[in-house]
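Novice: Have a look at the structure that comes next, please.
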Amino acid sequence: MALSQSLQQKLLQKLSPQQIQLMKLLQVPTANLEERIKEELEENPALEQSDEASDEFDENRDEFEGEEEYDTEGSEDEYDKIDISDYVHEGDDDIADYRLRDDNYPELDDKQVMPFKVETTLHDTLADQLGMLKLDERSSKIAEQIVGSIDDDGYLRRETASIQDDLAFRQNIDATEEEIEGLIRLIQQFDPAGVAARDLQECLLLQLERRRSVGGIAVEGAIEILTRYFDEFTKKHYDKIQRGLNIDDDQLKEIIQQIIKLSPKPGGNIGEINKAESYVLPDFFIYNNGGKLELTLNSKNAPDLRISEGYRDMLKDYDKGTKKDKRQRDAVLFIKQKIDAAKWFIDAIKQRQETLMMTMSTIMEYQHEFFLTGDETTMRPMILKDIAERTGLDISTVSRVANSKFVQTEFGTYRLKFFFSESLSTESGEEVSTREVKKILSNLVEAEHKRKPLSDERLTELLQEKGYNIARRTVAKYREQLNIPVARLRKEI
């Protein structure tokens, strides 16, 4: 049996706590930065924030060149001169824990904390209506189980047999399917109309049934279409429906008007369970000052942070003292750790500002024409690598900034990743942004005759006539990315 030995060399890069700190802060949008700073202030008494509001950070300002902004002048020398080497060994086994752990900087939660709306939910509304019925205890428990199985959109997607099992195991109730179905039909009479339906067809029919007495012939026709020709209706095979019902274009149009008034998600308008209302707070502002673009960073990104004067004084007092027992040594080590952590955080905030401004400034220069005109067709092809090379930043750093930051312009507020797109060649060999092609594709669909919408083949021909070398499958992909349905489903009466 032969034994073999091999020598492998691996290059491992270990991020320092400061680098980890910066990466995490880059992910934090402006809307959440204040809360992140508040957490750090609560955890570290050596860190302080001025009550005075700082001015909006401008890329041309030079305050960040010195330490004055954070009021740390002289602080580094004062406490770094203090010799506590007698009490802290420099061996690997005795390095202070705070230098090895990242406890002060917990991982950013991917689920950003956003404000919640306070309102009555769909299940609250249904429970209130259920409470008005005179049901015995058994029926009441079965009905509650049914209501609890209704999803946020208002649908009862759980099978009757499954509800039957739930009642048996959780409530110790042996209910029949007929008993459950009877209560489902009762709950389907609740508001909003269409609630407790098992599928879209039943949902729409439940809503139409309530209009039957006042809707006339059009509602009757809508019920017949959804009952007999639901599949044809969803696929917009209107010719087949007209032949089957023997109706003309005007009658069909009137019937369809009744159907499109219905809600496909009856529960969607009553409350939002566990859904936060999103508020976009721009991280950057771009102004057009007489043809010259000016970039500023949201002032919330420039907090006035400094190291506590009291903590620096405690180190000075220790250095001046002659008697230094173990209790004092432990205290001064704790103080120095906290000041180190405060310095790291201040420096990370500063680097965050500089990284944000550097990235956004480069994007603004790259897409200069768009920020002047707002015309998407003027956007240049741009990938993460382009910005990384110009800024000297790592691609992953640019990605962190692009995915979580917003810029406000005179044409609207955009996420930074909006400005990134691949390239496509024209007949002349010129490279253009795929976003430009998507904009033209969108314009072609908007301008099409709705009775005869353009097929993917025709859209491809029109784009090729404009000089864009593009395949039909690519047109189909871009159309899907723009959430534009196929031609058959865009057809209107």
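The values are calculated or read from the model by the stated rules, or taken from the named source; none is laboratory data. A quick note: this is a predicted structure, and the numbers were derived from the prediction, not measured. Note that we place each Cβ from the backbone using ideal geometry, even for glycine, and neighbour counts take in every protein chain shown. The area values use the complete protein model at the heavy-atom level, side chains included, leaving out ligands, DNA and RNA. Shrake-Rupley method; radii C 1.70, N 1.55, O 1.52, S 1.80 Å.
Novice: Just to check your reading of the model, which residue among 479, 451, 458 is of a type in the set (D, E, K, R) and open to solvent by less than 20 Å² (accessible area, probe 1.4 Å)?
Specialist: Of 479, 451, 458, the one residue that is of a type in the set (D, E, K, R) and open to solvent by less than 20 Å² (accessible area, probe 1.4 Å) is 479.
Novice: Also, quick follow-up: When you look at residue 245, is it surrounded by fewer than 18 Cβ atoms within 10 Å (Cβ to Cβ), modelled with pLDDT of 90 or more and among the aliphatic types (A, V, I, L, M), yes or no?
Specialist: no
Novice: Here's another thing I want to ask about it. Considering each residue of the range 144-164, count those that are loosely packed, with under 12 Cβ neighbours inside 10 Å and more than 22 Å from residue 201 (Cβ to Cβ), and give that number.
Specialist: Counting residues in the range 144-164 that are loosely packed, with under 12 Cβ neighbours inside 10 Å and more than 22 Å from residue 201 (Cβ to Cβ) gives 0.
Novice: Filter the range 274-291 down to residues that are closer than 23 Å to residue 37 by Cβ and at pLDDT 80 or above and give me whichever is most open to solvent (accessible area, probe 1.4 Å).
Specialist: Filtering first and then ranking leaves 281.
Novice: Now, a different point. Test each condition in (1) closer than 30 Å to residue 289 by Cα; (2) open to solvent by 60 Å² or more (accessible area, probe 1.4 Å); (3) not aromatic (Phe, Trp, Tyr) for residue 464 and report the one that comes out false.
Specialist: (1)
Novice: Separate question: Please tell me if residue 294 is within 30 Å of residue 233 (Cβ to Cβ) and either in a strand (DSSP E or B) or modelled with pLDDT under 85 (or both).
Specialist: In short, no.
Novice: Could you tell me which of the residues 440, 493 is open to solvent by 20 Å² or more (accessible area, probe 1.4 Å), among the β-branched types (Val, Ile, Thr), touching a helix residue (DSSP H, G or I) at 6+ places or on another chain (Cβ under 9 Å) and at pLDDT below 85?
Specialist: Of 440, 493, the one residue that is open to solvent by 20 Å² or more (accessible area, probe 1.4 Å), among the β-branched types (Val, Ile, Thr), touching a helix residue (DSSP H, G or I) at 6+ places or on another chain (Cβ under 9 Å) and at pLDDT below 85 is 493.
Novice: Another one. Out of 454, 463, I need the residue that is under 14 Å from residue 424 (Cα atoms), modelled with pLDDT of 85 or more and not β-branched (Val, Ile, Thr). Which one?
Specialist: Among 454, 463, only 463 is under 14 Å from residue 424 (Cα atoms), modelled with pLDDT of 85 or more and not β-branched (Val, Ile, Thr).
Novice: Condition first: among the β-branched types (Val, Ile, Thr), touching a Lys or Arg at 6+ places or on another chain (Cβ under 6 Å) and more than 17 Å from residue 492 (Cβ to Cβ). Can you find one or more residues in the range 225-233 that meet it?
Specialist: Checked the range 225-233: no residue is among the β-branched types (Val, Ile, Thr), touching a Lys or Arg at 6+ places or on another chain (Cβ under 6 Å) and more than 17 Å from residue 492 (Cβ to Cβ).
Novice: For the range 200-222, name all the residues that are surrounded by 15 or more Cβ atoms within 10 Å (Cβ to Cβ) and either of a type in the set (Val, Ile, Thr) or closer than 13 Å to residue 142 by Cα (or both).
Specialist: 219
Novice: Further question: Which residue, of 396, 421, is within 28 Å of the chain's Cα centre (by Cα) and more than 26 Å from residue 373 (Cβ to Cβ)?
Specialist: Result of the check over 396, 421: 396.
Novice: Quick check: anything in the range 412-424 of a type in the set (Val, Ile, Thr) and either touching a residue at least 40 places away in the same chain (Cβ under 8 Å) or buried (at least 18 other Cβ atoms within 10 Å of the Cβ) (or both)?
Specialist: yes
Novice: Return yes or no: is residue 470 out of contact with any Lys or Arg (no Cβ under 7 Å at 6 or more places or on another chain), open to solvent by less than 30 Å² (accessible area, probe 1.4 Å), assigned to a loop (DSSP other than H, G, I, E, B) and more than 27 Å from residue 233 (Cα to Cα)?
Specialist: Criteria met by residue 470.
Novice: Out of 184, 241, which single residue is out of contact with any strand residue (DSSP E or B) (no Cβ under 7 Å at 6 or more places or on another chain) and not small (Gly, Ala, Ser)?
Specialist: 241
Novice: Give the range 165-182 a look and list any residue that's under 39 Å from the mean Cα position of the chain (by Cα) and open to solvent by less than 70 Å² (accessible area, probe 1.4 Å), or say none.
Specialist: Within the range 165-182, 166, 167 meet the criteria.
Novice: Sticking with this one: Just wondering, is there one or more residues in the range 183-199 that are at pLDDT below 90, more than 24 Å from residue 489 (Cβ to Cβ) and open to solvent by 40 Å² or more (accessible area, probe 1.4 Å)?
Specialist: yes
Novice: Could you go through the range 385-397 and let me know if any residue there is open to solvent by less than 50 Å² (accessible area, probe 1.4 Å), within 27 Å of residue 289 (Cβ to Cβ), assigned to a helix (DSSP H, G or I) and not charged (D, E, K, R).
Specialist: yes
Novice: What residue, of 338, 324, 350, is outside any helix (DSSP H, G or I) and either under 19 Å from residue 44 (Cβ atoms) or at pLDDT below 85 (or both)?
Specialist: The conditions single out 324.
Novice: Going residue by residue through the range 260-267, is there one that turns out to be without any contact (Cβ under 8 Å) to a residue 24 or more places away in the chain, over 30 Å from residue 133 (Cα atoms) and in a helix (DSSP H, G or I)?
Specialist: Checked the range 260-267: at least one residue is without any contact (Cβ under 8 Å) to a residue 24 or more places away in the chain, over 30 Å from residue 133 (Cα atoms) and in a helix (DSSP H, G or I).
Novice: Which residue pairs have Cβ atoms under 7 Å apart, sit 6 or more places apart or on different chains, and have a first residue in the range 370-394 that is free of Cβ contacts under 8 Å to residues at least 12 places away in the same chain and of a type in the set (Gly, Ala, Ser) and a second that is surrounded by fewer than 16 Cβ atoms within 10 Å (Cβ to Cβ) and not in a helix (DSSP H, G or I)?
Specialist: 388/394
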